[in-house]
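What follows is a set of notes on a single structure, which appears directly below.
The numbers here are math on the coordinates, done by the rules we state, and not lab data. Nothing here was measured: the structure is a model prediction, and the numbers come from that model. Positions of Cβ are backbone-derived with ideal geometry, glycine not excepted, and every protein chain shown enters the neighbour counts.
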Amino acid sequence: MLLFLGRTLTAPLISFHNTGKALANAQRAAGLQVTCSPAASTRLASAFGVNVWYMQRELNRVTEAYPGAQVPLAA
């Protein structure tokens, strides 16, 4: 049982950390100051899902850097 719970708790935290890294790279590629912290998005996961709001806010900063343009998404 502990192995199952360990996997179910670890995988989302790793995913949040990797998403934070991707957002930081997107900010860097857009020529913005990098304000997204992968560690912060991981820590905020325990605060009632506040990390989702944090990551969306950081992603919105990237899209706002291109007013009126469509931002290409990686597939």
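At 7 Å along the Cα-to-beta-carbon direction for both residue 33 and residue 53, put a label point, then send me their distance in nm to one decimal.
2.3
For residue 22, what charge total do you get from the other residues with a beta carbon under 12 Å from its beta carbon, if Lys and Arg give +1 and Asp and Glu give -1?
Numbers: positive: 21, 28; negative: 58.
So the surrounding residues net to +1.
Quick one, which of (i) 2.21; (ii) 0.97; (iii) 1.26 is the actual Cα Rg over 2.2 N^0.38 Å calculated for this model?
It is the value labelled (iii).
Work out the length of the dipole vector of the chain about its Cα centre, built from +1 on the beta-carbon of each Lys and Arg and -1 on the beta-carbon of each Asp and Glu, and round it to the nearest 20 debye. Don't skip to the end; give the middle numbers.
Details: 6 positive and 2 negative charges, 30 e Å.
The dipole of the chain has a size of about 140 debye.
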